Amino acid sequence: MSTPELVSVPVWVWASGASWSSSSATATAGGVSVTATATPVSAVWSFGDGTSITCDGPGTVYEPSYGAEASSPTCGHTYTKAGTFTLTATVSWKVTWAGAGESGQFNGMTTTSSAPVTVEQSNALVTS
């Protein structure tokens, strides 16, 4: 179970370094080998409250030294109401292939992942 987010406190989103890197695979059949390489290009983050952003990179990893009220310089969002939302990340990939003296590119390749996000309202009592 994840820690709830708070209304009006910036949320930072990012893809981990391992998931935001190129990946290659080679297949061989009948003496012919073809290698395909997939490279992440961008991510669309949909926050479940009607807001989406496109990030042309993995995003910036949050560090406590930034402070709780700092907004992400690359990929983030601030919820304005409490509730349970579905956060969805859709990554677009550039996929190229080469083998047997030929090469090409697959267009429109994406992967998607989702997770629930609980956003709570925090109230403070101020006395003087």
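The values are calculated or read from the model by the stated rules, or taken from the named source; none is laboratory data. Quick caveat: nothing in here was measured; it's all calculated off a predicted structure. Note that we place each Cβ from the backbone using ideal geometry, even for glycine, and neighbour counts take in every protein chain shown. Note: accessible area is taken over every heavy atom of the protein model, side chains too, but ligands, DNA and RNA are not part of it. Shrake-Rupley method; radii C 1.70, N 1.55, O 1.52, S 1.80 Å.
Of note:
- Farthest positive-ward along the stretch 29-128 dipole, Cα basis, beta-carbon charges - from ALA82, TRP97, PRO40: TRP97
- The chain - accessible surface per residue (Å², probe 1.4 Å): 64 Å²
- Counting only Cβ charges, +1 for Lys and Arg and -1 for Asp and Glu, the dipole size of the chain around its Cα centre is about 200 debye.
- Accessible surface of the chain [probe 1.4 Å, protein heavy atoms]: carbon and sulfur percent: 54 percent
- Relative contact order (%) - the chain, alpha-carbon pairs under 8 angstrom, separation at least six: 32 percent
- A compact globular protein would have a Cα radius of gyration near 2.2 N^0.38 Å; the ratio found for the chain is 1.43.
- Computed over the stretch 32-75, Cα set: Rg, Dmax in Å: 16.0, 56
- Here's how it looks for CYS75: its modeled amide H is under 5 Å from those of VAL13, THR60, which are all 5 or more places away or on a different chain.
- Computed over the stretch 59-128, the quotient of the alpha carbon radius of gyration and 2.2 N^0.38 Å is 1.86.
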